[in-house]
Structure formats: C-alpha cells, structure tokens
1. Scan 73, 39, 99 and give me the residue that is in the same structural domain as residue 117 (by TED's automatic domain parsing) and out of contact with any Leu (no Cβ under 8 Å at 6 or more places or on another chain).
2. Specify which of the listed residues (124, 90, 144, 95) is without any contact (Cβ under 8 Å) to a residue 40 or more places away in the chain and among the aliphatic types (A, V, I, L, M).
3. Taking the criterion of being loosely packed, with under 12 Cβ neighbours inside 10 Å, modelled with pLDDT of 90 or more, closer than 27 Å to residue 92 by Cβ and out of contact with any strand residue (DSSP E or B) (no Cβ under 8 Å at 6 or more places or on another chain), would at least one residue in region 40-58 satisfy it?
4. With the checklist (1) aliphatic (A, V, I, L, M); (2) in the same structural domain as residue 91 (by TED's automatic domain parsing); (3) farther than 29 Å from residue 153 by Cα in hand, flag the one item residue 33 doesn't pass.
5. Can you tell which of 111, 92 is modelled with pLDDT of 85 or more and under 25 Å from residue 142 (Cα atoms)?
6. Kindly indicate whether residue 23 is of a type in the set (Ser, Thr, Tyr) and in contact with a Leu (Cβ under 8 Å, 6 or more places away or on another chain).
7. Looking at the structure I just gave you, is residue 117 surrounded by 14 or more Cβ atoms within 10 Å (Cβ to Cβ), out of contact with any strand residue (DSSP E or B) (no Cβ under 6 Å at 6 or more places or on another chain), without any contact (Cβ under 8 Å) to a residue 60 or more places away in the chain and of a type in the set (S, T, N, Q)?
8. Of everything in region 104-152, what is under 17 Å from residue 73 (Cβ atoms) and not aromatic (Phe, Trp, Tyr)? Give them in sequence order.
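The values are calculated or read from the model by the stated rules, or taken from the named source; none is laboratory data. Here the structure is a predicted model, which is why all the values come from computation and not from measurement. No Cβ is skipped: glycine too gets one built from the backbone with ideal geometry, and neighbour counts run over all protein chains shown.
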Amino acid sequence: MVALFINLITLIAFVLSLYYNKSKSMLAVKKALMKGLALAPLMIIIIMSIGFIFAFIPPELIRGYLGGEFNILQVLAAAIFGAVMMIPSLIALPLAGSLVDAGASYTPVAAFVTTLTMVGFVTLPVEIKELGKKITVYRNILALLFALIISFLIGVIM
C-alpha cells in the first residue's frame, strides 16, 4: 500500500514536471535511465552475491550466530561487520529481512544495518580529507554509539 502511494505521488510529480517544463523533465528521465543502466551490472552482482550467500549458508548457521537469546557479542560483531562493509542501503535492507527470515534476532540485524548506513570505516580516508581527522573520528564514534543504541531499542521494541 505504501509503495502504491509513493509511486502515485511520483507519477503526479512527474506529470506536473512535464506540464511546467517538458524538455527539462525529459532530460531528467534520460539522465536517470543512464544512471540506472550504469548501476545495473553492479546491482545484479550484489543481488547474486546475496543469493549465493544464502544458498551456501544454511539458516541454522545464521540462527546459531545471530539468533537466540540476546547476546552482546552478536550485536558487537554485527555492528563491526556493518561498519566495515560497503553495501548500498538498497541491498542491505532486503538482506536484513532475509537474515530475520532465516532466524536472526532483530538486535544484531539492526546493529548491522544501522552501522552499515551510519559508520563509514571504508570511507575514512575520503572523510578525513574532506572534513578533517577530528570531525571524522567524533562523527564515527558518535554514529557507532547511536547505532548501538538504536539497535538495542529495536531489540526491546520488537
């Protein structure tokens, strides 16, 4: 239902855009298509990788490492793994859903996703260059702290 609503809003906005400036709208569509086509091979590789992971890792193993009763080591390991990975959110969210479906607990999965999107271990060199070392360190430490808090809250709520 939500996806239908979002698509409807997008369609209305696009029609309005066409009405006000058809040439700019068509240029935007062409640019979007070119970006989408450029990203398609990478997205296919990522989706296939996730498929292979779930083909070779049985749900019992996922349940054993990420499921069961609350375990701080699970949460910390998932948080560290998320902090060092470079996966687009577009892929991380379905992966998180698949992990939960396979038996993983909400808290470590939330730690994985929140650190994945908030902590930038892989991007540290660029961030240090652009923002400076002090801001980068503070930002990543605070992001990790807040990501852990968020994951614990999700674990309590769910």
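1. 73
2. Testing whether each residue is without any contact (Cβ under 8 Å) to a residue 40 or more places away in the chain and among the aliphatic types (A, V, I, L, M) leaves just 124.
3. no
4. Exception for residue 33: condition (2).
5. Residue meeting the stated conditions: 111.
6. Against the criterion (of a type in the set (Ser, Thr, Tyr) and in contact with a Leu (Cβ under 8 Å, 6 or more places away or on another chain)), residue 23 does not qualify.
7. Considered against the rule, which asks whether it is surrounded by 14 or more Cβ atoms within 10 Å (Cβ to Cβ), out of contact with any strand residue (DSSP E or B) (no Cβ under 6 Å at 6 or more places or on another chain), without any contact (Cβ under 8 Å) to a residue 60 or more places away in the chain and of a type in the set (S, T, N, Q), residue 117 comes out as yes.
8. 104, 105, 107, 108, 109, 110, 111, 115, 144, 147, 148, 151
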